[in-house]
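All remarks here apply to the structure that follows.
Laboratory data are not the source of any read-out in this text; all were calculated from the coordinates shown. Every value quoted in this text rests on a predicted model; they were computed, and no experiment measured them.
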Amino acid sequence: MNTLPRNTTAIMFPGQGSQYVGMGAELALGSPAARAVFAAADDQLRWPLSRLCWDGPAAELNATQNTQPALYVCSLAALAALREHAASWQPAFAAGHSLGEITALAAAGALKFADGLQLVCERGRLMQLAGERQPGSMAAVVGASAAVVRAICAQATAESGLPVTLANDNCPGQVVMSGHLAALERATELLRSAGFKRVLPIKISVAAHSPLMASVQAEYAAVVAATPVQAPQVPVIANASAAPMRDAAAVRAELQTQLTAVVRWTESMQALLAAGVKHFVELGPHTVLCGLLKRIDSAAARYALGTPADLPALQQLLAA
């Protein structure tokens, strides 16, 4: 029996914030399969996304319209490197944080690589456009519950007349709020007055998962409608419902709500744990999701694959 048995393992894919200049370069150098993923993306886009991932500049990589395809490709390159050593291995579940949800759907076979890449490019472009139409930002709140932040955001919205809302419930003690700059500033003041001093601005030019994304919702819905989707080969946990997506209809419904819905990551991980998942493999740059999972359930086994140095341990775990 494998050390990472299929029925107790989930794979996870990160969202915006995990990117860094140099991501995927070592994997592409050491894995022909990973290198082929980057090459396929470059060919499809007709510009060198791989070079942006590997060489920067950081400002260009951090632009939402570039970050999203970059993370999608880098994470799937990590999956390709893993499957180079364990071609037949499949997890029981997949999950992805925000943008990473689309990566998870591609990994699970609900989206073809090329269709998923086109979708994330359009998602990034439209979110960037929404940010230009209605500027906003996001901030992480350390030590406050989702319920507290939701209530503070409602108060700040009422006082300012501008939207700010809970965007991500990442783990106990870390949530993210998103919205109009003035409303976000008021929510920050209210939180600090209530004793929550660690309210940390996030370096992002858009208010993801907030009502400010509604200005591009119709355009994004049209892109989703035009994207070929099929039933995932393994269930993918949806951000908006924390429930498994098992058919194409569920996938389409989730994609339609993604831009404005709260990322219910804590509940998503709890759903996997309740389903018997004991091993979690994060595929892509950094180990943000492993860190969140440690706060959700420190007993869950966590593994990451972002560089060739991570491969031997995973390869050994996957070996019969």
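Quick notes on this structure:
- Note: segment 136-204, Cα convex hull, 63 Å³ per residue.
- Span-rule helices in the chain, defined as complete DSSP H runs reaching 24 Å or more along the axis (Cα) with Kyte mean at least 0.5: 64-83
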